[in-house]
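Bear in mind these aren't lab numbers, they're just calculated from the coordinates by the rules spelled out. Since the structure is predicted, the reported quantities are computational estimates derived from the model, not experimental observations. Glycine also receives a Cβ, built like all others from the backbone with ideal geometry; neighbour counts cover every protein chain displayed.
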Amino acid sequence: MRLSPPAALLAGCTAVLLLQPAAASATSAPAAASADPSGARRRDFAGGGSTTSLPLPAGHGLAPRGTRPFELLGVGWDGPPDALAGAEVRVRTRDADTGRWSGWHRLEADAEDGPDRAPHGATAPLWTGRGDGVAVDVRPGPAGPPPGLRLELVDPGRGTAAPAVRTRPAGPADPVGGHQAPRPAIVTRAGWGADESLRDQAFEYTGPVREVFVHHTATATDYACGDAPRVIRAIYQYHVKTSGWRDIGYNFLVDRCGTVYEGRAGGVELPVHGAHTLGFNTDSAGVAAIGTYVGDQPPQPLLDGLAAVAAWKLGLTAQPADGRTKLTSGSDASRYPKGTVVDFDAVSGHRDAFNTECPGNALHDRLPALRTAAARLQAP
């Protein structure tokens, strides 16, 4: 099944990094780049993935034009993250299979999502399905267009070859401590085709994980589960190459069939410092449901997968999934001023920590039942 056109923007639910994004590691293989007379610049990655940048001169848009194939897009710039405040950016795309043009879709400036000291800004990305044409309309805000305004087109490619283990099988609960749960099967980064040369080669860790924040990716919900790795690769490329983050922001992702995927690198058992919930990335893990769950109901296998990974991850620190956790806000840009101690459910939604609709009304309404299900998976 081909992925359908976008159900919603990835607005307000893209992952958020609290630290300065690291410069590219000296051990990372640089992507090959090429340019055409129109000023488009393409960077090719292992596994056939690529990002094509189209300049938006003087902050203006683009008339409808053909492009290289892509499946996700967004707009980036060289100014600070809030440089597009008050602006309106709209795009429409041409379906590569049918040749039909979509309606206009608004891109969120997404200034609330990003590193505290980001070197540049980017909109929330939009999943389009396979496209080969684009038009852009930019209406700058009061400050005018930022420098280096550009459209970024992401082709997730076929994924890199995977000599490593593709899936870590399910495992028993660790008998040490209480509230332990079995480890679910987890598709590794090699399994979804991550190009490891893109990310920062160093790992960052936080304190013990005592909180799980649930997100949705705000992409199409009627995808074939076999296409989920393409969605993950596209989000990964955008987070790293367009937004300038160290790696994909989420610690885990779960598809509509309940398959759990490893997100940010560093070890699934370890407290990897993610980039998912501004102000509360410390001592927490971010788990993203692939799809949009504002009105669409999350399938039961998806809920089962979310419960399984939350129960296991919290169990590693003997944290009951139906308990409470106190975290301290690390950013005034979050829902709570920096330094505020907040009492969360151990499994909470992104909106509980940030002013966003994520993870969508339909999924957020299921969190009480999800906490109960996760707690049942944990040993007493």
Let me know the charge dipole size of the range 167-377 about its Cα centre in debye, to the nearest 20, where only the beta-carbon of Lys, Arg (+1) and Asp, Glu (-1) is charged. 140 debye
Any lysines with Cα under 21 Å of the LYS313 Cα? List them, leaving off those in the same chain fewer than 8 positions away. LYS326
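ARG139 to ARG166: FRET efficiency via 1/(1 + (r/R0)^6), r the Cβ-Cβ distance, R0 56 Å, to the nearest 0.05?
Working: r = 45 Å, r/R0 = 0.81.
The pair ARG139/ARG166 has a calculated efficiency of 0.80.
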Mind putting a number on the dipole of the chain about its Cα centre? Charges go on the C-beta only, +1 for Lys and Arg and -1 for Asp and Glu, and I need it in Debye to the nearest 20. 520 debye
What's the magnitude of the charge dipole for the range 32-155 around its Cα centre, counting Lys and Arg as +1 and Asp and Glu as -1 at the beta-carbon? Answer in Debye, nearest 20. 440 debye
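Could you order the peptides 239-247, 326-334, 163-171 from most to least packed, using the average number of other C-beta atoms within 10 Å per residue?
Working: 239-247: 25.0, 326-334: 18.0, 163-171: 12.0.
Final packing ranking: 239-247, 326-334, 163-171.
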In 20 Å bins starting at zero, report the fraction of Cα pairs in the chain per bin as a rounded %. 31, 59, 10, 0
May I ask you to evaluate 6.51 cos²θ - 1.76 cosθ + 1.60, the Karplus curve with θ = phi - 60°, for each residue of the range 80-88 and list the ³J(HN,Hα) values in order in whole Hz, giving x for glycine and proline? x, x, 8, 5, 9, 4, x, 8, 10
Counting residues in the range 56-182 as N, plug N into 2.2 N^0.38 Å and put the Cα Rg over that result. 1.44
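Report the local net charge at THR188: Lys and Arg +1, Asp and Glu -1, summed over other residues whose C-beta lies under 9 Å from its C-beta. Intermediate results must be reported in sequence, preceding the final value.
Values: positive: ARG166, ARG168, ARG189; negative: GLU262.
After counting each charged neighbour, the total is +2.
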With the 8 Å Cα cutoff and a minimum separation of six or more residues, the chain has a relative contact order in percent of 20 percent
Per the charge dipole of the chain (beta-carbon charges, Lys/Arg positive, Asp/Glu negative, Cα centre), the residue among ALA318, ILE248, VAL134 reaching farthest to the positive end is VAL134
Residue (of PHE45, GLY76, GLY61) at the positive-pole extreme of the range 32-155, dipole from beta-carbon charges: GLY61
Take the Cα coordinates of the range 269-366, assign each an equal point scatterer, and use the Debye formula without solvent to give log10 I(q)/I(0) at q = 0.11 Å⁻¹. -0.32
